[in-house]
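The values are calculated or read from the model by the stated rules, or taken from the named source; none is laboratory data. Computed from a prediction, not measured in an experiment: that's the story for all the values here. Cβ placement follows ideal geometry from the backbone for every residue including glycine, while neighbour counts extend to all protein chains displayed. SASA here: full protein model, heavy atoms, side chains in, ligands and nucleic acids out. Shrake-Rupley method; radii C 1.70, N 1.55, O 1.52, S 1.80 Å.
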Amino acid sequence: VSEPGAEKPVAFTLVGSGAVRVNPRRGGPAQILEIDGRPILIDCGRGAVDGVVQCGYEIEEIDRMFVTHLHFDHVCDLPYFALLAWNNNPHNELCVHVPTGLEHFLHHAVREAYKDDIASRLGHGKSADGLDVEVVEIGAPGVVLEQDNCTVSTLVTPHAAMLNLNYRFDACARRVVVTSDTQPHPDLAAFCKDADLLVCECSGTAEFLSGQPWGGWHMNPQTVAQLACEANVKRVVLKHFVIENFTDAPDIADQMAQAVRQTYPGEVIVGVDGLRIEL
Ligand SMILES: [Zn+2]
Ligand SMILES: [Zn+2]
């Protein structure tokens, strides 16, 4: 754990380790992968804008974002991010890679919802340049970007009947996989193969999830461990702790990490907001 301005070429920061419900200790899903000093944001959930700054980054320096899926906990700060990027940076060229559907979302959540605000600013001389972020819709799995010594690949996995993308970043001879919310899927192991870092959702224990109507959409400690073993990843960070909003056990995330360690021999880290790992 250290400050931005990495000495190593790749640095991962968990901006928000929480999920849907408000948890004062955990922001909504958001993470930054910094490659050769250039930060990429993955998801933009509750509190992500504040979280990015608290983690030592500037909104204006982030010009690329990847979104996993359009559940609101993963995109609710995106309209704010887009408006702020436009407001702060006259040369804003934010590009957002997303499952299909974000054009519609941003049109309504930025252009329509804030049309009075936008008209007001344009009326005071602000240029409309940079207001409409570049949206790259990803409808299919595979390589979605090759640029600056970084290859970004996606894998579609089932989650709540949404188009749902997991992301793999191969850069500077490192491999980092950032999962979306996902139910276990046989293709995940090959996708994560030999990763230096697997950042994986672990929404709750198997027992807890089996009692929820939506529980089948998510990973539990045993399915995380199975994936990490099959994929032979070097290190796992757990995130998206839905269960914390439903239990009195303050150490439930630690308990789940311990359960992962029962079968996975590598390092397991309980995600916390601001966690930074250099690779
Ligand atoms: Zn979620
Ligand atoms: Zn979700």
In nanometres, the difference between 0.36 nm per residue of separation and the alpha-carbon distance of Asn149 and Phe246 is 30.7 nm
DSSP beta bridges in the chain: the antiparallel percent, rounded to 5, is 60 percent
Heavy-atom accessible area of Tyr114, protein chains in place, probe 1.4 angstrom, given in Å² to nearest 10, is 100 Å²
Quick calc, Glu278 & Asn87: beta-carbon distance into FRET formula, R0 22 Å, rounding 0.05, result 0.10
The extension gain from Glu60 to Met162, computed as 0.36 nm times the residue separation minus the Cα-Cα distance, is 33.7 nm
Dipole check, the chain, charges on Cβ (K,R +1; D,E -1), about Cα centroid: among Cys200, Pro213, Ile118 the Cα furthest to the positive pole belongs to Pro213
Of the accessible area of segment 1-131, computed with a 1.4 Å probe and all protein chains kept, carbon and sulfur make up a percent value of 50 percent
Cβ-Cβ cut-off under 15 Å around Ala190, Lys and Arg +1, Asp and Glu -1: the net charge is -1
Hits in segment 188-212: amide N under 13 Å from the 7 Å Cα→Cβ extension of Lys8, namely 196-198
Lys and Arg at +1, Asp and Glu at -1: neighbours of His71 with Cβ under 12 Å from its Cβ sum to -3
GNM on the chain, Cα springs under 10 Å; top mean-square fluctuation among Ile40, Ile118, Ile62 goes to Ile118
If the chain between Gln212 and Gln255 were fully extended at 0.36 nm per residue, the gain over the current Cα-Cα distance would be 13.5 nm
Summed over the other residues with a beta carbon less than 13 angstrom from that of Val49, with K and R at +1 and D and E at -1, the charge totals -4
Ranking Lys126, Lys8 from most to least accessible area with a 1.4 Å probe gives Lys8, Lys126
Magnitude of the Cβ-charge dipole (Lys and Arg +1, Asp and Glu -1) of segment 70-214 about the Cα centre, nearest 20 debye, reported as 60 debye
Rounded to whole Å², per residue accessible area for segment 78-192 with a 1.4 Å probe reads 47 Å²
To the nearest Å², the heavy-atom accessible area per residue of segment 240-279 with 1.4 Å probe amounts to 47 Å²
For Ser120, Ser210, Ser17, the accessible-area ranking with a 1.4 Å probe, largest leading, is Ser210, Ser120, Ser17
For segment 61-132, the convex hull over Cα atoms projects on average to an area in nm² of 4.6 nm²
Computed over the chain: longest principal axis from alpha-carbon atoms vs helix 252-261 long axis, angle to nearest 10 degrees, is 60 degrees
Sorting Arg276, Arg175, Arg121 on solvent-accessible surface, 1.4 Å probe, most exposed first, gives Arg121, Arg175, Arg276
accessible surface per residue for segment 1-76, probe 1.4 Å, DNA/RNA/ligands not counted, whole Å² -> 38 Å²
Using a 1.4 Å probe on heavy atoms of the protein chains only, the accessible area for Glu112 in Å², nearest 10, reads 90 Å²
With Cα springs under 10 Å, the Gaussian network model of the chain assigns the largest mean-square fluctuation among Leu165, Leu209, Leu197 to Leu209
